[in-house]
Amino acid sequence: MVSTHPLVEARDLTKVYPARGSTPEFRAVDGIDFALERGESFGLLGPNGAGKSTTMRMIAATSPISGGSLRVLGMDPMKQGPEIRARLGVVTQDDHLDNELTVRENLHIYGRYFGLPRAVIRERATRLLDFAQLQEKAGDQVETLSGGMRRRLTIARSLINEPDILLLDEPTTGLDPQARHILWDRLFQLKQQGVTLILTTHYMDEAEQLCDRLVVVDHGRIVAQGSPQELIHRYATREVLELRFRLDERDTAAEKLRTSVLATGGTDAEGRVELLPDRVLVYTADGEAALATVHAMSLTPLTALVRRATLEDVFLKLTGRSLIE
Amino acid sequence: MTTVAVPAWTRRRALALIERNFMIYRRSVTPLLNALVEPILYLLSIGVGVGMLVGTVPGVDVPYAAYVGPAILATTAMNTAFNQTSFGVFIRMRVEKTYEAILPTPLSVTDIAVGEVTSAMINGLLTSIGFLTLMAVGGLVTSAWVLLALPASLLISYAFAAGGLAVTTYLRDFPDFQYIQLFMLPMYLFATTFYPLSVYPEAVRPLIQALPLYHSIELVREPALGHLSWDLLIPVAYLLAFGSVAMYVATRRMTRAMLR
Amino acid sequence: MLRVFRYWVTLYRRTWRGSIVINVLNPLLFLIGIGAGLGALVDDNAPAQIAGVSYAAFFAPGMLAAAAMQNAFLEGSAGVARAAGFGAYRSATPTPLRPEQLAAGHLLFITFRVLIASGAFIVVMAAFGLIGGWWALGALLGATLTGVAFAAPAAAWAVGVRKLRHIDTVFRFVIMPLYMFSGTFFAVSQLPEWIRPVSYLLPLWHGVELCRTLSLGTATITGSSVHIAYLLTLAIGGFLVARVTYRRRLHP
Ligand SMILES: Nc1ncnc2c1ncn2[C@@H]1O[C@H](COP(=O)(O)OP(=O)(O)O)[C@@H](O)[C@H]1O
Ligand SMILES: [Mg+2]
């Protein structure tokens, strides 16, 4: 299918959860705009409660929108929910696997929900079990799977209908580093195959690895968007100097740095000094030079680290908060 | 605030959920056999045991057990269907979160409701077939019209499966199930399962006749005793209406609860 | 032990509204539905056929014993399995108690619950004129003893049960048939000769007979002694086994 319109297009998209009992109504998504082209991989980045899952559910046509407009695959999710869902793959934030069924049966029945013939499912299930590295577990009850395996099965299951768009809500949250890397590898493989991805995360490295384009959301609003490199370029510097001081020296050191030559930068990112609970960040084009300046000021950090700027730094700049508290 | 439209159901999609439920049943028939234990015990102890003391029911010329059997068959269909959409659905909805995974598929909430009710109807029919077979083996079948009990059991299952589904949308937690018991048990005991309506004082009878189980029992017992008449259309209409109203309430409330 | 008992009573005060449905209302509904309703048919057909009394007077004490059994079994099995599985036995007490104290305290609580529920049932029986005088007190003790005779072995078994499903199965295949064929609904003497000895072995039959003879005023010293001895044996034996199984589960 060749189409000219975006795969997903949101204009002033809003979600208000109605009041319930003593909880007042809540504006979880507050007028966001974005458009997504075929083959792109698109990330929603933001802290807990930013409205990422809510946005994903609206795109997946499982949560009615409260305002604005939303088109998914050229259709209206409020009216053509089943048609849209037929062409999406969805990995929700929590794995909702069918605990009464085995691994293979989970794939089978999911295919049936999409109305696929049994023979087609059988062939795809074998391929997907391979993809998810779960061949040995095919006959096991899903209760016996580890967290990483459950996640991979959920992703495999979401691919059973060969979706046009794959939605992944925090695909690696709660996984250990090894399981996360296996998963990234699988997702990167899908991206290479041209699958359009929408994913939410609060991991900067994940967004950098998997997304071509990002929107940063906070309190239901978009606070920035662009490619990971653009965002870093715009909201951070090339390098960051991380300094740790003894607790009793930290505040005076930070104060000194703030008023030093390091904090007089030209662009709005350059030369910023951030005081975090456990360290001080100096945003600079040249970390080594900045460190030399620090030493010249006769400050004695316990540790000093020069690193590349990441999206974490972007987020800090945009919201004044660290992403994961 | 835009309201949620309740989409129409599609046969193919609702069927997929039935397939799911039967994938689990296929592995073991224990749930169905379990559903037969209690009614058989009641048939033996009250139908046969107490039946020896009762002799025959006034105006009915069959042994007491043959009088009670069809009523217990109706309650079996009722309980099987009702348990599946009350206890079963509650667990799938709140504990196992089975439906959370189904929502992102083309199935609508209405499809889920229809799928669950239809599975429950099939189960109700299967246990009814089992119970009827045992009645026949025990020599408690007195008229060939008893075969009408099978379509009747589908209708009874429909009414109570839909009713169970509707009630489930109001439950907050497991202890709330006791309030359901508070309705189901008296209905079981008083809806003419064990004795005819004539036992009650005139004034109480309309109350009994308002119960869905009363109509379910009428629908099975009358043909089983060889009494066919147009009056049977009353329970048919009652159960159809009861089930359809319950179905309407259930799908609306489920849609609202699940598509937030 | 009393501390454990108090813990359960405190818990019960918070949840009694729910359990009252099952414990008290359930047998009362049977008393009305079966005793009075079906009793009308029985009394019309064969007046005073059984034991020379109305069907309701015959059925009510049977139901009393059977309800005591069901309540005691459910609390003694599901209640104990949950307490053992979800840690109520550990959090119940500020200081570590010995397992047999936990067992005894919980059983004491179950006894107390059965006593209350049976008392409520007997009050209703009295209101219907189905029991009266000192006999009522005897029947109350008889029903409570019946309950303990089931609660103790149930607890001994259930403390090791990890799947509540198993309790369902035992209820369905052991307790329900006992309920139906121990003379609750009809006299064992109606059964064919060859099967009667089996009934006499059933623990609930002894409970039913004890309660029934006491409530109808036909109890004999010998008969009642046999029933009491049988039920006491179960209760004490159950508790002795429970001491072992509690220890095994809670201090593995
Ligand atoms: N079903 C709901 N009803 C009411 N409020 C909700 C519901 N789901 C989410 N919220 C609220 O909306 C906000 C955004 O939630 P969510 O979209 O899950 O955020 P994120 O996925 O970014 O962590 C949160 O404050 C959350 O409490
Ligand atoms: Mg989320």
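Restricting attention to region A:29-47, which residues are within 14 Å of ligand 2 (Cβ to nearest atom) and crowded, with 22+ Cβ neighbours inside 10 Å?
Residues of region A:29-47 that are within 14 Å of ligand 2 (Cβ to nearest atom), as a first pass: A:29, A:43-47.
Answer for region A:29-47, where residues must be within 14 Å of ligand 2 (Cβ to nearest atom) and crowded, with 22+ Cβ neighbours inside 10 Å: A:V29, A:G43, A:L44, A:L45, A:G46.
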What tally of residues in region A:138-169 results from selecting those that are crowded, with 22+ Cβ neighbours inside 10 Å and within 16 Å of ligand 2 (Cβ to nearest atom)? 4
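Let's see how each residue does on (1) surrounded by 20 or more Cβ atoms within 10 Å (Cβ to Cβ); (2) modelled with pLDDT of 90 or more:
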| residue | (1), (2) |
| --- | --- |
| C:P153 | yes, yes |
| C:K163 | no, no |
| C:I195 | no, no |
| C:S199 | no, no |
| C:L202 | no, yes |
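Here's the yes/no breakdown for (1) over 16 Å from the mean Cα position of the chain (by Cα); (2) more than 14 Å from chain B (Cβ to nearest Cβ):
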residue	(1), (2)
A:E37	yes, yes
A:A50	no, yes
A:G81	yes, no
A:I84	yes, no
A:L88	yes, no
I'm checking my understanding of the structure. Among residues of region B:94-145 that are within 12 Å of another protein chain (Cβ to nearest Cβ) and among the small types (G, A, S), which one is nearest to B:L239 (Cα to Cα)? B:G115
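Any idea how many residues of region A:20-56 are of a type in the set (A, V, I, L, M, F, W, C) and modelled with pLDDT under 90? Spell out the reasoning first.
The first filter runs over region A:20-56 and keeps only residues of a type in the set (A, V, I, L, M, F, W, C), leaving A:26, A:28-29, A:32, A:34-36, A:42, A:44-45, A:50, A:56.
When the remaining residues are screened for being modelled with pLDDT under 90, the result is none.
Residues meeting the conditions: 0.
Which residue out of B:V37, B:V89, B:V29 is at pLDDT 85 or above and away from chain A (no Cβ under 14 Å)? Reasoning before the result, please.
On the way: B:V89 fails: away from chain A (no Cβ under 14 Å); B:V29 fails: at pLDDT 85 or above.
Testing whether each residue is at pLDDT 85 or above and away from chain A (no Cβ under 14 Å) leaves just B:V37.
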Looking only at helices (runs of 4 or more DSSP H) that fall completely inside region A:96-213, which ones have 1 or more residues that are basic (K, R) and touching a strand residue (DSSP E or B) at 6+ places or on another chain (Cβ under 9 Å)? A:147-158, A:177-192
Qualifying position, being more than 12 Å from ligand 2 (Cβ to nearest atom), in a loop (DSSP other than H, G, I, E, B) and buried (at least 23 other Cβ atoms within 10 Å of the Cβ), among A:A61, A:A50: A:A61
Looking only at region C:182-189, decide whether some residue is surrounded by 14 or more Cβ atoms within 10 Å (Cβ to Cβ) and either under 14 Å from the mean Cα position of the chain (by Cα) or hydroxyl-bearing (S, T, Y) (or both). yes
Hey, C:G217 surrounded by 12 or more Cβ atoms within 10 Å (Cβ to Cβ) and either out of contact with any helix residue (DSSP H, G or I) (no Cβ under 9 Å at 6 or more places or on another chain) or at positive phi (or both) or not: yes
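Of all residues in region B:178-198, how many are part of a helix (DSSP H, G or I) and more than 7 Å from every other protein chain (Cβ to nearest Cβ)?
Of region B:178-198, the ones part of a helix (DSSP H, G or I) are B:178-190, B:197-198.
Add one more test, that the residue is more than 7 Å from every other protein chain (Cβ to nearest Cβ), and what stays is B:179-180, B:183-184, B:187-188, B:197-198.
The number of residues fulfilling the criteria is 8.
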Enumeration of residues in region C:115-139 that are aliphatic (A, V, I, L, M), farther than 14 Å from C:A72 by Cα and part of a helix (DSSP H, G or I): C:A120, C:I122, C:V123, C:V124, C:M125, C:A126, C:A127, C:A136, C:L137, C:A139
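Can we say B:R221 is in contact with a helix residue (DSSP H, G or I) (Cβ under 9 Å, 6 or more places away or on another chain), part of a helix (DSSP H, G or I) and among the basic types (K, R)?
Yes; evaluated as a whole, the condition is true for this residue.
Quick one: in region B:199-213, of everything that is in a loop (DSSP other than H, G, I, E, B) and over 14 Å from C:A40 (Cβ atoms), which residue is nearest to the other protein chains (Cβ to nearest Cβ)?
The residue in question is B:L211.
Conditions tested, residue by residue: (1) touching a helix residue (DSSP H, G or I) at 6+ places or on another chain (Cβ under 7 Å); (2) within 15 Å of ligand 1 (Cβ to nearest atom); (3) among the aliphatic types (A, V, I, L, M); (4) free of Cβ contacts under 8 Å to residues at least 12 places away in the same chain.
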| position | (1), (2), (3), (4) |
| --- | --- |
| A:T14 | no, yes, no, no |
| A:G21 | no, yes, no, yes |
| A:P24 | no, yes, no, yes |
| A:V29 | yes, yes, yes, no |
| A:S41 | yes, no, no, no |
| A:K52 | no, yes, no, no |
| A:I65 | yes, yes, yes, no |
Enumeration of residues in region A:274-325 that are among the acidic types (D, E) and in a helix (DSSP H, G or I): A:E288, A:E312, A:D313
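Looking at region B:190-224 only, could you name the residues that are of a type outside the set (V, I, T), surrounded by 16 or more Cβ atoms within 10 Å (Cβ to Cβ) and free of Cβ contacts under 8 Å to residues at least 40 places away in the same chain?
First, the residues of region B:190-224 that are of a type outside the set (V, I, T): B:190-191, B:194-198, B:200-203, B:205-207, B:209-216, B:218-219, B:221-224.
This time we only want the ones that are surrounded by 16 or more Cβ atoms within 10 Å (Cβ to Cβ), so: B:190-191, B:194-195, B:200, B:209, B:211-216, B:218-219, B:221-224.
Within region B:190-224, B:F190, B:A191, B:Y200, B:Q209, B:L211, B:Y214, B:H215, B:E218, B:E222 meet the criteria.
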Which of the residues belonging to region A:11-26 are more than 16 Å from ligand 2 (Cβ to nearest atom), surrounded by fewer than 18 Cβ atoms within 10 Å (Cβ to Cβ) and in a strand (DSSP E or B)? A:R11, A:D12, A:V16, A:R20, A:T23
Failed condition for A:L97, given (1) within 16 Å of ligand 2 (Cβ to nearest atom); (2) closer than 27 Å to B:A14 by Cβ: (1)
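Would it be correct to say that B:M258 is in contact (Cβ under 8 Å) with a residue 60 or more places away in the chain, buried (at least 22 other Cβ atoms within 10 Å of the Cβ) and either away from ligand 2 (no atom under 16 Å from the Cβ) or within 14 Å of chain C (Cβ to nearest Cβ) (or both)?
Numbers: in contact (Cβ under 8 Å) with a residue 60 or more places away in the chain: yes; buried (at least 22 other Cβ atoms within 10 Å of the Cβ): no; either away from ligand 2 (no atom under 16 Å from the Cβ) or within 14 Å of chain C (Cβ to nearest Cβ) (or both): yes.
Here the answer is no, as B:M258 does not meet what is asked.
The values are calculated or read from the model by the stated rules, or taken from the named source; none is laboratory data. Fair warning: this is a prediction, and the values are worked out from it, not measured in the lab. All Cβ positions, glycine included, derive from the backbone under ideal geometry; neighbour counts span all protein chains shown.
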